[in-house]
Amino acid sequence: MKIVAVCGAGVGTSGILKVNAERALARLEIEADVTASDIASLATTAADAQIILTSPELVDRIPPTWADIVVVQSYVDLAEIEQKLFDALG
Amino acid sequence: MPLPPLTPASIRLGAVVTDWRGAVRAAGDVLIAGGSVEPSYTQRMIDVIDEFGAYVVIAPGLALAHARPGDDVRADGLSLVTLAEPVSFGHAHNDPVSVVIGLAVTTADAHVTGIADLANAFNDPGLVPALSMATEPSAAIDLILQGTTRDVS
């Protein structure tokens, strides 16, 4: 399973989302490869991804994709991230 | 090398700004003063928000101002600014912003865990108001360290 965390610059915010998604997946006992990406590289980085994690502000910029898009409001709220990943994967 | 620690010199409390650009500039000014970045980096942080919107407001009341690595980043750097009056960044859920973290990194994968641990301290909804009340940088650092150690899992 591949999950891509997206932000505008591909550093900083997407890194936080990546780390917290990995922690949430560990709690859910789900094996997945999580990478951080910027929007511009998404067509490549998310080509084989099942899930794209992003902010409400960036949803409209995500190019057409087969992946499920999961929108996270607070990047630091592990409970929110865990619940949304559980819903998307369940 | 770990993420540079927050020091009293990397913190500015009660900055008076009128809009989000001023808030980002304040965070950039601290990075510049610390020698981490050249002045053009501040404008690049503003450009990210102009281009992609307010997604940098990653939690209620907290913005993580940053841009890509570049020639104007001399060393990894971190700054923290509290605002005398909160400002709106235009985020649907997490406005208004009272605390801005400025981040500069020399490589894209640097320090993601350290940055996440720092950010996760802000999962405590009490931290932003507590920081807004802080009058001494050392007190602000203590508040964040308490939250950081509590959150590490």
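List of remarks:
Residues checked against (1) surrounded by fewer than 14 Cβ atoms within 10 Å (Cβ to Cβ); (2) at positive phi; (3) within 9 Å of another protein chain (Cβ to nearest Cβ):
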{"position": "B:S88", "(1), (2), (3)": "yes, no, no"}
{"position": "B:V99", "(1), (2), (3)": "no, no, no"}
{"position": "B:L103", "(1), (2), (3)": "no, no, yes"}
{"position": "B:G114", "(1), (2), (3)": "no, no, no"}
{"position": "B:A119", "(1), (2), (3)": "no, no, yes"}
{"position": "B:A134", "(1), (2), (3)": "no, no, no"}
{"position": "B:A140", "(1), (2), (3)": "no, no, no"}
{"position": "B:G147", "(1), (2), (3)": "no, no, no"}
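For (1) part of a helix (DSSP H, G or I); (2) surrounded by fewer than 23 Cβ atoms within 10 Å (Cβ to Cβ); (3) over 13 Å from the mean Cα position of the chain (by Cα), each residue gets a yes or a no:
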position	(1), (2), (3)
B:G14	no, yes, yes
B:T18	no, yes, yes
B:A23	yes, no, no
B:T42	yes, no, no
B:L64	no, no, no
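- Among the conditions (1) in contact with a Phe, Trp or Tyr (Cβ under 8 Å, 6 or more places away or on another chain); (2) open to solvent by 30 Å² or more (accessible area, probe 1.4 Å); (3) of a type in the set (A, V, I, L, M, F, W, C), B:A59 misses just one, which is (2).
- Residue check, B:P125 touching a Gly at 6+ places or on another chain (Cβ under 9 Å), part of a helix (DSSP H, G or I) and not β-branched (V, I, T): no
- Exactly one residue out of A:E22, A:E29 is open to solvent by 10 Å² or more (accessible area, probe 1.4 Å) and within 13 Å of the chain's Cα centre (by Cα), and it is A:E22.
- Those residues of segment A:15-44 which are away from every other protein chain (no Cβ under 12 Å) and either in a helix (DSSP H, G or I) or among the hydrophobic types (A, V, I, L, M, F, W, C) (or both), in sequence order: A:L25, A:L28, A:I30, A:A32, A:L42, A:A43, A:T44
The values are calculated or read from the model by the stated rules, or taken from the named source; none is laboratory data. Computed from a prediction, not measured in an experiment: that's the story for all the values here. Backbone-built Cβ (ideal geometry, glycine too); neighbour counts: all protein chains shown. Ligands, DNA and RNA are stripped out before the accessible areas are found, and what is left, the full protein with its side chains, is counted by its heavy atoms. Shrake-Rupley method; radii C 1.70, N 1.55, O 1.52, S 1.80 Å.
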